[in-house]
Amino acid sequence: MNNIRKQICILMVEDDPANQFGTTSILTHWGYQVAVANNGREALDFLAGNACDLVLMDCAMPVMGGYEATAIIRDQSSKVRNHAVPVIALTAHASPEERAQGHAAGMNEYLIKPYLLKDLLAAIEKWTGH
Amino acid sequence: MSSDGKYGSTTDELRIKAETKVAMQADNNSASSSAPDAKRLLYELQVHQAELEMQNEELQHIKAELLTENALSNELVTWLAQTSSRTTDEPFFNQLACHLAESLNMDFVCIDRLDGDGLTATTVAVWCDGHFEDNVSYALKDTPCGDVVGKTVCCFPAMVCRLFPSDQVLKDLQAESYIGVTLWGHSGKPIGLIAVISRRPLVNRSAAESLMKLVAVRAAGEIERLDAEEQLQRAHNELELRVRERTEELTTALRTLQAESAIRLQAVEALREKEQMLIHQSRQAAMGEMVGNIAHQWRQPLNKLGLLTQRVALFYDSPSFTKEFLDTSVANAMEIIQHMSKTIDDFREYYRPDKEKEPFSVREAIMNSLSLLEGNFQNPTIRVIINDTDDPVINGYKNEFTQVILNILINARDAIVARTPDDAQIIITLCNENGCPAVTVADNAGGIPDEIITKIFDPYFTTKGPQAGTGLGLFMSKAIIEKNMGGTLSVRNANGGAEFRIEMLIRELCHE
């Protein structure tokens with residue numbers, strides 16, 4: 001299983017260094033390959049140049065937030081390689097309006113902070129198959 | 001020796017008396033045998049000697065009388081000179097009347113003050129046969145006194161009763177002689193008179209008159225002095241009365257004022273309570289706006305905590321799970337917990353109503369506001385720059401001040417969210433200007449449109465719509481700064497944005 005997961009690349013879009021470190025260490029522990037972007041703009045740049053199997057997207061970030069970045073990923077005219085890459089939102093915004101906003105932008109799954117690791121793992125496995 | 005008989009016997013009488021005396025002496029002595037011429041000469045000499053002796057005797061007698069009279073006058077003059085106006089034992093005029101009667105050997109003395117119309121007089125002292133009588137007023141008409149007024153001195157040496165037949169007082173006294181003097185005021189008007197009456201004819205008229213004139217000057221002065229004193233006393237009494245009245249008025253006014261100010265104080269107190277309530281409500285409104293943010297703000301650290309804890313369990317079996325791993329995880333977790341705890345304190349502190357004014361650091365209040373807004377400046381990212389050249393201290397309500405800064409910052413944030421300027425920033429400047437603290441909060445969100453800049457401090461004025469704004473934030477902020485803390489809160493557009501300015505005007509509040 002670990003060998004298969006080594007082939008799977010997850011892009012984590014997150015502006016908080018502590019969260020970056022914590023999540024990266026966990027994802028690595030689980031055996032996934034992890035790339036980090038500090039905001040939506042950096043995420044788009046990464047997705048334009050690299051293959052990616054899943055995006056963990058924070059919503060409130062400087063420069064470009066998660067909703068805007070996701071909308072651009074889904075936009076067929078953007079430079080992103082895979083417009084259909086699964087996007088899992090990790091957000092502190094819990095209201096139904098925001099959840100609707102996430103869906104409208106094209107997010108596949110919505111995890112509310114603080115989330116359980118087993119829910120995160122379940123979501124990753126669901127959308128990568130591994 | 002004069003022979004006109006002014007003193008004692010005439011020359012002829014004296015000759016007869018002297019001859020009688022010499023004859024008696026001759027009978028006793030044996031007749032001389034001298035020559036008739038010599039006898040004659042001797043006789044003449046003897047008679048002349050007798051004459052001289054008798055004249056001498058008479059002169060001695062007159063001299064004694066004069067000396068007595070003179071002594072009495074002298075005594076009066078001395079008394080006049082020595083009696084100060086302040087003699088208290090007996091009234092001056094009583095003493096004067098008594099002395100006058102004695103000095104002039106008169107039976108009746110009255111000292112009068114002329115009344116306003118000049119037709120009547122009122123006595124100030126009446127001395128009659130060795131005792132004082134009650135003072136009276138009487139008409140001057142048909143009395144010798146009526147004749148006196150206007151003349152310096154007026155004398156009727158004998159038979160005064162016949163001259164003034166309708167004067168009952170003269171009749172009752174069986175008066176014979178009368179001297180009166182006018183008492184002249186300093187302005188030259190007659191103000192009173194002194195009359196002395198005797199049942200005997202007046203013997204030494206000129207001496208009596210000159211004494212009366214002398215006394216008149218002093219008595220007039222005394223009357224005027226008494227008048228002045230009385231006037232002074234009256235003025236003094238009137239003044240005292242007015243002072244008493246005024247004091248009473250003032251006391252009443254003071255009581256009224258005290259009562260009024262007590263009522264006013266109560267009203268102010270009630271107002272302050274109401275205002276406190278409003279301030280608290282608007283504070284809650286501002287908080288309500290932030291509650292969503294608080295939820296968001298807390299999910300971030302909670303999530304970090306969640307990750308840290310779950311990682312410990314997750315990594316337990318892995319080789320990377322070391323003592324150091326555990327310590328780091330715990331330390332990180334505790335740091336987050338401390339931070340969250342402080343946030344709670346900040347909010348609780350902010351919610352506490354200010355009871356009393358106390359000195360606080362402006363910088364600290366601003367830091368509190370920023371801490372409460374933590375997270376609100378992340379999406380979109382707003383740079384907050386603090387220029388603090390000074391750390392002023394204000395004596396006032398700290399939480400209310402924090403609330404003001406919070407309101408202004410939320411407004412700036414909302415303006416930035418609405419206008420999305422490039423490189424959004426809020427610059428907070430705090431300094432002491434002329435010893436008074438001043439704080440400016442400036443954003444770069446384009447400024448406040450001219451048509452609403454004059455309304456933004458009005459109550460219930462909001463541009464944010466009913467869900468977002470209560471319209472009370474800036475209104476209450478102005479009330480807090482200006483009414484509660486004696487400062488000013490103003491706004492202007494500057495450097496591509498709105499600039500709010502707080503100035504604490506009251507110097508004594510500035511530095512403790």
Of residues in segment A:12-71 being under 22 Å from A:N82 (Cα atoms) and among the charged types (D, E, K, R), the one surrounded by the fewest Cβ atoms within 10 Å (Cβ to Cβ) | A:D45
Yes/no for A:A69 being closer than 25 Å to A:L121 by Cβ, assigned to a helix (DSSP H, G or I) and within 14 Å of chain B (Cβ to nearest Cβ) = yes
Within the set of pairs 6 or more residues apart or between chains, which connect a residue that is among the β-branched types (V, I, T) inside segment B:297-309 to a residue that is crowded, with 22+ Cβ neighbours inside 10 Å and not in a helix (DSSP H, G or I) with Cβ atoms less than 7 Å apart?
-> none
Of B:I386, B:I408, which residue is in contact (Cβ under 8 Å) with a residue 12 or more places away in the chain and assigned to a helix (DSSP H, G or I)?
-> B:I408
Of the residues B:L104, B:L140, which single one is within 15 Å of B:S198 (Cβ to Cβ) and over 48 Å from the mean Cα position of the chain (by Cα)?
-> B:L104
Which of (1) modelled with pLDDT under 80; (2) surrounded by 14 or more Cβ atoms within 10 Å (Cβ to Cβ); (3) farther than 30 Å from A:T91 by Cα is the odd one out, the single condition B:R352 does not satisfy?
-> (2)
Criterion: within 14 Å of chain B (Cβ to nearest Cβ), part of a loop (DSSP other than H, G, I, E, B) and small (G, A, S) - qualifying residue of A:A51, A:A94 | A:A94
Would segment A:29-46 turn up any residue that is within 11 Å of chain B (Cβ to nearest Cβ), among the β-branched types (V, I, T) and not in a loop (DSSP other than H, G, I, E, B)?
-> no
Scanning segment A:55-69 for residues that are within 12 Å of A:M107 (Cβ to Cβ) and hydrophobic (A, V, I, L, M, F, W, C), which turns out modelled with the lowest pLDDT?
-> A:C59
Take segment B:125-143 and flag every residue that is crowded, with 22+ Cβ neighbours inside 10 Å and among the aliphatic types (A, V, I, L, M).
-> B:A125
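When you scan segment A:13-25, how many residues do you find that are within 12 Å of chain B (Cβ to nearest Cβ) and outside any helix (DSSP H, G or I)? Give the steps one after another, and end with the answer.
Of segment A:13-25, the ones within 12 Å of chain B (Cβ to nearest Cβ) are A:14-25.
Filter again for outside any helix (DSSP H, G or I), leaving A:14-16.
Matching residues across segment A:13-25 total 3.
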Give the residues of segment A:17-34 that are under 26 Å from B:V330 (Cα atoms) and either among the hydrophobic types (A, V, I, L, M, F, W, C) or under 14 Å from the mean Cα position of the chain (by Cα) (or both), sorted by residue number.
-> A:A18, A:N19, A:Q20, A:F21, A:T23, A:T24, A:I26, A:L27, A:W30, A:Y32, A:V34
Are any residues in segment B:428-455 of a type in the set (G, A, S) and either closer than 15 Å to B:G487 by Cα or under 50 Å from the mean Cα position of the chain (by Cα) (or both), and if so, which ones?
-> B:G435, B:A438
Condition set over 22 Å from B:S371 (Cα atoms) and within 11 Å of chain A (Cβ to nearest Cβ), scope segment B:320-340, selection surrounded by the fewest Cβ atoms within 10 Å (Cβ to Cβ): answer is B:S320
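Output yes when any residue across segment B:368-387 is under 18 Å from B:I481 (Cα atoms) and modelled with pLDDT under 90, and no when none is. Full working, then the answer.
Initially, segment B:368-387 is screened for residues under 18 Å from B:I481 (Cα atoms), giving B:368-369.
So of that shortlist, the ones also modelled with pLDDT under 90 come out as B:368-369.
Yes: one or more hits.
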Would a scan of segment A:73-86 turn up a residue that is in a strand (DSSP E or B), touching a strand residue (DSSP E or B) at 6+ places or on another chain (Cβ under 7 Å), surrounded by fewer than 22 Cβ atoms within 10 Å (Cβ to Cβ) and away from every other protein chain (no Cβ under 14 Å)?
-> no
Failed item, numbered, when B:V404 is tested on (1) touching a Gly at 6+ places or on another chain (Cβ under 6 Å); (2) buried (at least 18 other Cβ atoms within 10 Å of the Cβ); (3) away from chain A (no Cβ under 14 Å) = (1)
Could you tell me which numbered condition A:V13 fails, if it satisfies all but one of (1) closer than 26 Å to B:V330 by Cα; (2) out of contact with any Gly (no Cβ under 9 Å at 6 or more places or on another chain)?
-> (2)
Looking at segment A:108-130, which of its residues are more than 9 Å from chain B (Cβ to nearest Cβ) and part of a loop (DSSP other than H, G, I, E, B)?
-> A:N108, A:G129, A:H130
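Is it the case that B:I394 is outside any helix (DSSP H, G or I) and at pLDDT 90 or above?
On the way: outside any helix (DSSP H, G or I): yes; at pLDDT 90 or above: no.
Considered against the rule, which asks whether it is outside any helix (DSSP H, G or I) and at pLDDT 90 or above, B:I394 comes out as no.
Which residues, taken from segment A:80-104, are hydrophobic (A, V, I, L, M, F, W, C), over 18 Å from A:M12 (Cβ atoms) and at pLDDT 90 or above? Full working, then the answer.
So the first thing to find is which residues in segment A:80-104 are hydrophobic (A, V, I, L, M, F, W, C), and the list is A:80, A:84-85, A:87-90, A:92, A:94, A:100, A:104.
If we keep only those that are over 18 Å from A:M12 (Cβ atoms) too, we end up with A:84, A:94, A:100, A:104.
Answer for segment A:80-104, where residues must be hydrophobic (A, V, I, L, M, F, W, C), over 18 Å from A:M12 (Cβ atoms) and at pLDDT 90 or above: A:A84, A:A104.
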So B:I344, is it away from every other protein chain (no Cβ under 13 Å), modelled with pLDDT under 85 and closer than 22 Å to A:I112 by Cβ = yes
Return yes or no: is A:A89 out of contact with any Pro (no Cβ under 8 Å at 6 or more places or on another chain), within 18 Å of B:Q300 (Cα to Cα) and part of a strand (DSSP E or B)?
-> yes
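Quickly run through segment B:69-90 and pick out the residues that are touching an Asp or Glu at 6+ places or on another chain (Cβ under 7 Å) and either among the hydrophobic types (A, V, I, L, M, F, W, C) or at pLDDT 75 or above (or both). It would help to see each step written out before you state the result.
Applying the first criterion (touching an Asp or Glu at 6+ places or on another chain (Cβ under 7 Å)) to segment B:69-90 yields B:72, B:85.
Hit for segment B:69-90 is B:L72, nothing else.
The values are calculated or read from the model by the stated rules, or taken from the named source; none is laboratory data. Predicted, not measured: the structure shown is a model, and the values here were computed from it. When we count neighbours, we look across all protein chains shown, and the Cβ atoms used for this are built from the backbone with ideal geometry, even at glycine.
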